[in-house]
Amino acid sequence: MQTFSTIDSMRTWCRQQSLEQRTIGLVPTMGALHDGHLFLVEAAKQRCDHCVTSIFVNPTQFAAHEDLDLYPRPLDEDLAKLERAGVEAVFLPSAEEMYPQQEGQTATTVQPSSVALPLEGVHRPEHFVGVATVVLKLFQAAPSDFAFFGRKDFQQLCVIEHMVRDLNLPTRIVPCEIVREPDGLAMSSRNRYLSEGERERALCLSRSLNKVEHAFREGERDTKRLESILAAHLSDCDSVDYAVVVDRESLLPMPQVMQNAVALIAARIGSTRLIDNRELQVD
Ligand code: PAF
């Protein structure tokens with residue numbers, strides 16, 4: 001497994017693979033890897049000749065009061081996991097490499113589509129500008145045929161799909177299923193912040209999504225009623241930023257579920273903010 005810390009060296013390696021007719025699958029991560037990330041790696045390996053994983057805790061997607069400094073960075077463990085998973089190359093840029101100082105200037109950023117505005121966009125207003133910008137920069141540093149993203153960060157996936165469509169980027173996005181612990185908790189690097197008691201309480205997110213999916217399957221289509229089922233099962237949370245059923249494409253509210261929808265939750269257990277979701281498919 002090779003590691004690259006500069007954009008030039010990473011890009012040269014990717015270009016060489018392309019010249020040799022090898023396809024590349026990119027798995028962008030912020031490290032603290034868990035089985036959800038390794039599932040993306042596996043999907044990339046199945047679909048492409050080579051898998052490149054990036055590990056970069058992107059400062060621009062964290063607000064000043066968020067957990068950038070505390071964000072886990074177990075680099076040696078991460079590299080061992082990627083080596084075992086058979087990843088060919090890891091991109092490990094520094095913040096200075098990704099964001100060189102622009103003396104007296106602000107840097108160019110990506111303005112995401114309107115799908116970035118509701119939900120996370122309300123609670124973390126600058127977040128998706130940071131995500132879209134860094135993902136575009138990662139695509140430039142590691143030019144790849146495919147890039148693999150988990151459906152757990154559902155709105156992030158929509159933002160990236162729109163960016164690729166709107167900016168005519170050549171990389172194809174491959175959405176991958178949410179990976180859950182056996183008891184239903186969606187895997188997340190932030191789960192490691194949870195105490196034993198908090199982890200138990202965090203199960204209410206997946207439970208409430210199970211209940212809403214069940215009601216939907218039984219024929220419930222009234223959004224308010226579906227949302228009250230979600231809310232009713234989230235009492236173990238310390239606070240709920242949103243628990244909604246919205247249109248699958250626009251992420252906007254709708255009174256009745258007439259087309260594909262998605263139930264999305266963002267809630268805090270102790271001081272840890274967790275997100276989870278469930279797509280609701282109209283037959
Ligand atoms: O989902 C993540 O881990 C991050 O938001 C991403 C896509 C790697 C960008 O920093």
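The values are calculated or read from the model by the stated rules, or taken from the named source; none is laboratory data. Source: prediction; values computed, not measured. Cβ sites come from the backbone with ideal geometry, for glycine too, and all protein chains shown count toward neighbours.
Sort through Ala215, Ala132, Ala186 and tell me the only one that's at pLDDT 95 or above, among the small types (Gly, Ala, Ser) and over 21 Å from Tyr71 (Cα atoms). Please lay out each step first, then the result.
On the way: Ala132 fails: over 21 Å from Tyr71 (Cα atoms); Ala186 fails: over 21 Å from Tyr71 (Cα atoms).
Result of the check over Ala215, Ala132, Ala186: Ala215.
Residue-by-condition table, conditions (1) farther than 22 Å from Val179 by Cβ; (2) small (Gly, Ala, Ser):
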| site | (1), (2) |
| --- | --- |
| Gln46 | no, no |
| Val52 | no, no |
| Ala80 | no, yes |
| Gln101 | yes, no |
| Pro125 | yes, no |
| Phe128 | yes, no |
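Look through Leu119, Leu68, Leu38 and report the one residue that is in contact (Cβ under 8 Å) with a residue 40 or more places away in the chain and over 23 Å from Val164 (Cβ atoms).
Values: Leu119 fails: over 23 Å from Val164 (Cβ atoms); Leu68 fails: in contact (Cβ under 8 Å) with a residue 40 or more places away in the chain.
Of Leu119, Leu68, Leu38, the one residue that is in contact (Cβ under 8 Å) with a residue 40 or more places away in the chain and over 23 Å from Val164 (Cβ atoms) is Leu38.
In segment 122-159, which residues are of a type in the set (Val, Ile, Thr) and more than 9 Å from the ligand (Cβ to nearest atom)?
Val122, Val129, Thr133, Val159
Using the structure shown, decide if Leu251 is outside any loop (DSSP other than H, G, I, E, B), of a type outside the set (S, T, N, Q) and closer than 23 Å to Cys158 by Cα. Explain how you work it out, then say what you get.
On the way: outside any loop (DSSP other than H, G, I, E, B): no; of a type outside the set (S, T, N, Q): yes; closer than 23 Å to Cys158 by Cα: yes.
So Leu251 does not fit the description; no.
When you scan segment 160-204, how many residues do you find that are among the small types (Gly, Ala, Ser), within 16 Å of the ligand (Cβ to nearest atom) and either over 18 Å from Arg273 (Cβ atoms) or not in a loop (DSSP other than H, G, I, E, B) (or both)? Before the answer, list the steps.
Quick first cut of segment 160-204, residues among the small types (Gly, Ala, Ser) only: 184, 186, 188-189, 195, 197, 202.
From what's left, within 16 Å of the ligand (Cβ to nearest atom): 186, 188-189.
If we keep only those that are either over 18 Å from Arg273 (Cβ atoms) or not in a loop (DSSP other than H, G, I, E, B) (or both) too, we end up with 186, 189.
Here the count works out to 2.
Could you grab me the full set of residues in segment 187-198 that are crowded, with 16+ Cβ neighbours inside 10 Å and either without any contact (Cβ under 8 Å) to a residue 24 or more places away in the chain or hydrophobic (A, V, I, L, M, F, W, C) (or both)?
Scanning segment 187-198 gives Met187, Leu194.
Within the group Gln105, Gln101, Gln140, Gln111, which residue is surrounded by fewer than 18 Cβ atoms within 10 Å (Cβ to Cβ), out of contact with any Phe, Trp or Tyr (no Cβ under 9 Å at 6 or more places or on another chain) and in contact (Cβ under 8 Å) with a residue 40 or more places away in the chain? Working first, answer last.
Working: Gln105 fails: in contact (Cβ under 8 Å) with a residue 40 or more places away in the chain; Gln101 fails: in contact (Cβ under 8 Å) with a residue 40 or more places away in the chain; Gln111 fails: in contact (Cβ under 8 Å) with a residue 40 or more places away in the chain.
After ruling out the rest, the residue left standing is Gln140.
Of the residues Val135, Val129, Val122, which is crowded, with 20+ Cβ neighbours inside 10 Å, β-branched (Val, Ile, Thr) and either out of contact with any Asp or Glu (no Cβ under 8 Å at 6 or more places or on another chain) or not in a loop (DSSP other than H, G, I, E, B) (or both)? Lay out the reasoning, then the answer.
Values: Val129 fails: crowded, with 20+ Cβ neighbours inside 10 Å; Val122 fails: crowded, with 20+ Cβ neighbours inside 10 Å.
Unique residue meeting the criteria: Val135.
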